[in-house]
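Novice: My structure is below; once you've seen it, I'll send some questions.
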Amino acid sequence: MHTELCIDASLHRSPRITSVGGLAGRQTGPDTVHLIGTAATPLGGDTITVRISVAAGAHLEVRSVAASLAMPGGQQRHSSAQWHVEVGAGASLIFDPEPMVVVSDASHSVVNTIALQQDSTLWLRERTQIGRFEEASGRWTSAMRCDVGDSPLLRHRVELGDGSISHDALSAPLSMSSTLQYPDDRASEVDLRGGSVRLALAGGGSLTTSVGRRLPPSDSST
């Protein structure tokens, strides 16, 4: 199944939402949209394309009502999603959906493409858990490309789960929480005990990443 969802926010009007497939959006506040699953997706072989556009001067919050499950299909185990985000001049976006849970034997990949302006504001969090209770054989990859105007802000790629480059005898994290914030002038910081690091980006902004076996209770709805 192929799913497409478009959310367009402009100043002085409600967000416009169009969708087809297994994911929809519902306006739950003046500037808030919640993502809602309308079918079991992503299954192996499914593709998802989401486009979020926030016009100049507008504000938008995108959240979800529940965690998403990436599951293997009858003939394929891999599914994929592409998220295209554009935040205009003087506009702001908070993007904080519930975690993606990649169940046993499933594989899911995500590509995030983000375009900002110098005076845009962004707070974007991505959370992933490999496996439900006592499962550990799923796999997840995420690539993020973020530009501010014509200048690159971030190029980032992460793999989790069985067969990934981070999965070995020394360390095999199964969860990740990653937050991209722009602008942000805080310095880089490492928390070895908590397994998290905040990286100050050269173009302004920060990327905060934490990994572990399970998402903390405050970060997980599963």
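Novice: For the range 120-140, what are the residues that are of a type outside the set (A, V, I, L, M) and either closer than 16 Å to P42 by Cα or touching a residue at least 60 places away in the same chain (Cβ under 8 Å) (or both)?
Specialist: S120, T121, R127, T128, Q129, G131, R132, G138, R139, W140
Novice: Tally time: how many residues in the range 35-45 are within 17 Å of the chain's Cα centre (by Cα) and surrounded by 18 or more Cβ atoms within 10 Å (Cβ to Cβ)?
Specialist: Residues flagged as within 17 Å of the chain's Cα centre (by Cα) and surrounded by 18 or more Cβ atoms within 10 Å (Cβ to Cβ) within the range 35-45 amount to 3.
Rundown of residues vs (1) hydroxyl-bearing (S, T, Y); (2) closer than 23 Å to F95 by Cβ; (3) in a strand (DSSP E or B), yes/no style:
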position: S164; (1), (2), (3): yes, no, no
position: M176; (1), (2), (3): no, yes, yes
position: T179; (1), (2), (3): yes, yes, yes
position: D184; (1), (2), (3): no, yes, no
position: A187; (1), (2), (3): no, no, no
position: R198; (1), (2), (3): no, yes, yes
position: G203; (1), (2), (3): no, yes, no
position: T208; (1), (2), (3): yes, yes, yes
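Residue-wise test of (1) surrounded by 15 or more Cβ atoms within 10 Å (Cβ to Cβ); (2) out of contact with any Phe, Trp or Tyr (no Cβ under 6 Å at 6 or more places or on another chain); (3) free of Cβ contacts under 8 Å to residues at least 24 places away in the same chain.
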| residue | (1), (2), (3) |
| --- | --- |
| G21 | yes, yes, no |
| A24 | yes, yes, yes |
| Q76 | no, yes, no |
| S104 | yes, yes, no |
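Novice: Shifting gears a bit: Pull up the range 15-25, narrow it to residues that are under 18 Å from the mean Cα position of the chain (by Cα) and not hydrophobic (A, V, I, L, M, F, W, C), then point me to the one that is farthest from L93 (Cα to Cα).
Specialist: G22
Novice: Please enumerate the residues belonging to the range 108-137 that are surrounded by fewer than 21 Cβ atoms within 10 Å (Cβ to Cβ) and either touching a Gly at 6+ places or on another chain (Cβ under 8 Å) or basic (K, R) (or both).
Specialist: Across the range 108-137, the qualifying residues are Q117, Q118, D119, R125, R132, A136, S137.
Laboratory data are not the source of any read-out in this text; all were calculated from the coordinates shown. Treat the numbers as computed from the prediction; the structure is a model and nothing was measured. Heads up, the Cβs are rebuilt from the backbone with ideal geometry, glycines too, and the neighbour counts pull from every protein chain shown.
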